[in-house]
Amino acid sequence: MRSCFRLVSLFLLIILLVNCDDKIAKAHKVNIQVQYNNNITGSGLEMLNVNAVGVDNKINKTNSTDESGTTTFKLPSGLYNFSVSFVKNGYNYNGYIENQVVKEDGDSFTIDLTESLQQGLVFKEIYYSGSRTPEGKTYTSDQFLEIYNNTDEVIYLDGLTIGSLQQAASNENDWINSANKILNRIALQWHVMYILGSGYDVSLQPFTSVVIAVDGINHKSDPNGNPNSPVDLGNANWEAYCGDFNGGKDLDAVGVPNLELLFSTRHSANDWTISPNGNNSIIMFKLPQISDYPTWGENPNNRSTEPGSSSSTEFLMIPKEYVIDAVELVRPDDGKQHKSLHNDIDAGKVWCTSSFSGKSIRRKVKEIVDGNVIYQDTNNSSNDFLSDQDPTPGIHPTSVD
Amino acid sequence: MLNSCTKLTSRIVIITLCFTLQCIGFYTNAQSKDTLKHYTSLNYSIEYADIWLQSNQPAAISYQPFNKLATINAGFLQADNLFKSVFHPTSQTQYNLSSSGYTKLNQLNLWGKAQYKNTKQSEQKWNNTTFISEANPFIHGDSIGGDYQQDFYLLEARMAYRSASKKYDWGLGLNYTVSDKTNQSDPRPLIKSLRFKLEPGLIIHQQKWDYGISLKYERLSETTETTRNDKSENHALFRFIGMGLHKKETLGTGYPEDIMTYNGYKKGISIQSKYKGLDFENLSIASYEKTYERAAQGSVGQLLTGDYHNHKYNFTNILLIKKEQLIHNIKLNISHNHIKGIWFYQKEIPQSQSYNFEIYDKAVRHKRKITQIESSYDFIIEENNLPHLQVESGIKLTFDKTEVFPESYYNQVNNIQFSSNINKYLYFGGINLKMNLAATYRFNLSKRIYIEDIELKEQITYPEYYYSSADFLQFKIGITTDLLCLAADKYMPYASLYTQQLFVTENSNNHNHNYSIGIGILF
């Protein structure tokens, strides 16, 4: 009996010594301050919707600011992206901060708002995921971009250029300065292609669109196509024909005009490359003078190698002021959705949930006036786009999203 | 349910009787086998020779009743389980081969065992681990799973030395287990596991009192490499946190593989005291064991995916009374597991050619407490130092509560389990038989669960809750026989046949069938 008592006493002592309490995971009070940045002034920071999205968890919360532009969240430890977006007096206001560490009560973050004028041309739809053949192989020749004139005025498309960012969403942004800010020039890779014209040759009427295809064929029925493809691009306005510079490896669809090549890092590629994983964002821009085409890319001042890389490959550098519209495409995976674009170009992100799914991203319809579709454009693709849509090249919705 | 059990029992009895009847004809001409050990009563002879042999004290093999002993055994097991954890396979087919031996050299006692098992585990999902602790919530797996093939190897040895003065015994136990497990469906894991255990022990003898102490140190190492033959598809891998909560990773097109590692240890101490009375012995054992397992993803710049801590406290008291031809063995066991799962909040830090992860916070995300109180009473009738009838009955209470944070989800299950086990030994003519009948009934006393939004609640959370709380009835029937007709002076062949059936009482379609066959030779 005594020995039993001694044994039990000894073990109670061990319990007390070893059973130290570790911190239990809980939600922390996090303060967010929204403010205008140094370059712009304004008022009216009340009732703005601030969105908190977990990078490594599934949390997605929205809270409204008070009159001082402040709001509070209760969030468990983790990495979060905070964003705010609104339109006022014809200007888009966006603020976005990403990968903010929340670990204790009282963590505070500030979102600086950027201001940008609402533009006329917008990406209406981007079908980048591609599809699969009946044999299960991947098929990306049916990718397309659709560009829409979101205004009531004619816009000329001469020199309109499309390019994919070199920076991949799966990695942290390498194109940053010593202050950790994204460089004011955007690095483009693969084929950067443009619409040929002398300045006023190619007009786009109000509230109409053009389709730019990788290959301008009916992919469902053409012998070179894919019966599983969701699109007929035989009526595309342009296609990205690469046969002139890759030894004729690309198809040249009859009756579909070809884009011109401004710059390339992959002359030998079989076709125009758009990442089917959504790993590289897309921009459209115009150079200042039509005479800048087609030699602007040959000027070494307009090129750069990747910072911190030993590779000698040079990429085309486009000042962000030239950008007309952009979409921050990212991968669907947690941790592979790093920001590549400036917040005043695109403060959000959008993605399809899987590659080769035959699905696209499409801009939301904000309103329909006299039968004319006006698409939502807040320069925030998180808010402006729907994902996993059935592609509808050349077709516009008849109801508001 | 009862009809099928009766039929099965009848078949087992008939098969064994037919086989042993063949032997009776030979027995009258065979030599006397009285000097041979009997396999049918071997476990009994060892367990009740001395109360120390009912403990894990390494020095206890000094009390083995035989000078020399060896067995070679081959076995087959078929298990089909509809009532199971979602992390376990639906069926298992296993072939096993083992050999063990014991010898006494003056004051030195040596025991060794080698075992090989080849197991096919069918329809297993969500779990690509092998050797980690059953209660570790930080397991990983995929939703496709498949049929796994496992090769398992075990080497175990114990030695004990009795001092010339017989005042102390010291002992050392070594255990080395290795396993390879894989499945051939994308995403296909290759799981390599290793456990190594070292246990020194000491027993000090006084007049009526013995005092013992033993230590335990065990290392775990497990690596799972997940590859795909078809990299054009995305595959989802799940890192679980507990109660079905998880972090999902996508093994995307172009990404070649995923690597998960587990490293850990167990450290324990056990203190024993034994009192020997006129016709009884009492052994008290108090032990503490700490288990630690770290899960991590990647081979370079690892992402930590959870630290598992388990502090286990155990108290056992065994009272063994031997009076004339009767043995009473009364056991009480109380154990408490205090489990914590610590999650790490990490930020990716890109480095040249690779990534590293910086920990900016850590907190307990999983907590579990399991308390068990178990009591059993074993009653044995002997004749001529051989067992004839053994009846055991037991009761076990389990209190099990799991919580996950910061969501504050929880489940709590309290069960009571009754068990009864009867062994009847028959020695007549050329037959030694041990017939075994056992029954277990688990009844849920209370249960409750609180969750809101868990993505895998229908696939993981609720099925696991059901598995831990459903009432069930389990029967086990078996026969072991010494094949005296085939015996010679130096060896005794034996065979055993067992079946175990489990039925969930509220759903009789939810049942498990297990069958095992073994043959061997006792030297």
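The values are calculated or read from the model by the stated rules, or taken from the named source; none is laboratory data. All values derive from a computational prediction rather than experimental measurement. Don't worry about glycine lacking a Cβ; one is built from the backbone with ideal geometry, like all the others, and counts go over all protein chains shown. Each accessible area value is taken on the protein alone, full model and side chains, heavy atoms only, with ligands, DNA and RNA left out. Shrake-Rupley method; radii C 1.70, N 1.55, O 1.52, S 1.80 Å.
Annotation: of all residues in segment A:38-90 being in a loop (DSSP other than H, G, I, E, B) and within 29 Å of B:Phe357 (Cα to Cα), the one that is modelled with the highest pLDDT is A:Ser77. Looking only at segment B:109-140, count how many residues are closer than 30 Å to B:Asp169 by Cα and out of contact with any Leu (no Cβ under 9 Å at 6 or more places or on another chain). So the answer is 2. A:Gln167 meets the conditions (1) polar (S, T, N, Q); (2) surrounded by 23 or more Cβ atoms within 10 Å (Cβ to Cβ); (3) part of a loop (DSSP other than H, G, I, E, B) in every case but one. The failed one is (3). For segment B:380-407, what are the residues that are in contact (Cβ under 8 Å) with a residue 24 or more places away in the chain and surrounded by fewer than 16 Cβ atoms within 10 Å (Cβ to Cβ)? Matches in segment B:380-407: B:Ile381, B:Glu383, B:Leu386, B:Leu389, B:Val391, B:Ser393, B:Ile395, B:Leu397, B:Lys401. Just one residue in the set A:Lys88, A:Lys61 is among the charged types (D, E, K, R), within 14 Å of chain B (Cβ to nearest Cβ) and either touching a residue at least 12 places away in the same chain (Cβ under 8 Å) or surrounded by 18 or more Cβ atoms within 10 Å (Cβ to Cβ) (or both); that residue is A:Lys61.
For (1) at pLDDT below 90; (2) open to solvent by less than 30 Å² (accessible area, probe 1.4 Å); (3) touching a Gly at 6+ places or on another chain (Cβ under 6 Å), each residue gets a yes or a no:
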| site | (1), (2), (3) |
| --- | --- |
| A:Gly308 | yes, no, no |
| A:Glu314 | no, no, no |
| A:Asp333 | yes, yes, no |
| A:Gln337 | yes, no, no |
| A:Leu341 | no, yes, no |
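For the criterion of being in a loop (DSSP other than H, G, I, E, B), open to solvent by less than 20 Å² (accessible area, probe 1.4 Å) and more than 14 Å from chain B (Cβ to nearest Cβ), A:Gly358 passes. Just one of the numbered conditions (1) modelled with pLDDT under 90; (2) within 21 Å of A:Arg185 (Cβ to Cβ); (3) within 27 Å of the chain's Cα centre (by Cα) is not true of A:Thr295: (3).
One residue is enough: does segment A:181-191 have a residue meeting the conditions part of a loop (DSSP other than H, G, I, E, B), within 14 Å of chain B (Cβ to nearest Cβ) and within 25 Å of A:Lys339 (Cα to Cα)?
Taking segment A:181-191 first, the residues part of a loop (DSSP other than H, G, I, E, B) are A:181, A:183-184.
This time we only want the ones that are within 14 Å of chain B (Cβ to nearest Cβ), so: none.
The answer is no, given that none of the residues of segment A:181-191 is part of a loop (DSSP other than H, G, I, E, B), within 14 Å of chain B (Cβ to nearest Cβ) and within 25 Å of A:Lys339 (Cα to Cα).
Among residues of segment A:287-313 that are closer than 17 Å to A:Thr265 by Cβ and in contact (Cβ under 8 Å) with a residue 40 or more places away in the chain, none has a beta-carbon under 7 Å from a residue that is among the β-branched types (Val, Ile, Thr) and loosely packed, with under 12 Cβ neighbours inside 10 Å at least six positions away or on a different chain. Is it the case that B:Leu319 is within 30 Å of B:Asn385 (Cβ to Cβ), of a type outside the set (Val, Ile, Thr) and under 30 Å from the mean Cα position of the chain (by Cα)? Yes: the conditions hold for B:Leu319.
The single residue among B:Asp210, B:Asp258, B:Asp230 that is in contact (Cβ under 8 Å) with a residue 40 or more places away in the chain and under 17 Å from B:Leu303 (Cβ atoms) turns out to be B:Asp258.
One line per residue, one yes/no per condition, for (1) in contact with a helix residue (DSSP H, G or I) (Cβ under 7 Å, 6 or more places away or on another chain); (2) among the aliphatic types (A, V, I, L, M); (3) in a loop (DSSP other than H, G, I, E, B); (4) surrounded by 17 or more Cβ atoms within 10 Å (Cβ to Cβ):
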site: B:Thr226; (1), (2), (3), (4): no, no, no, yes
site: B:Asp258; (1), (2), (3), (4): no, no, no, yes
site: B:Leu278; (1), (2), (3), (4): no, yes, yes, no
site: B:Glu289; (1), (2), (3), (4): no, no, no, yes
site: B:Tyr292; (1), (2), (3), (4): no, no, no, no
site: B:Ala296; (1), (2), (3), (4): no, yes, no, yes
site: B:Tyr308; (1), (2), (3), (4): no, no, no, yes
site: B:Lys331; (1), (2), (3), (4): no, no, no, yes
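Suppose we filter A:Ala269, A:Ala187, A:Ala236, A:Ala240 for residues that are modelled with pLDDT under 90 and either on the phi > 0 side of the Ramachandran plot or surrounded by 15 or more Cβ atoms within 10 Å (Cβ to Cβ) (or both); which single one remains? Break it down into steps so the answer makes sense when it comes.
Working: A:Ala187 fails: modelled with pLDDT under 90; A:Ala236 fails: modelled with pLDDT under 90; A:Ala240 fails: modelled with pLDDT under 90.
After applying the criteria, what remains is A:Ala269.
For segment A:102-120, the count of residues that are crowded, with 19+ Cβ neighbours inside 10 Å and within 14 Å of another protein chain (Cβ to nearest Cβ) is nonzero.
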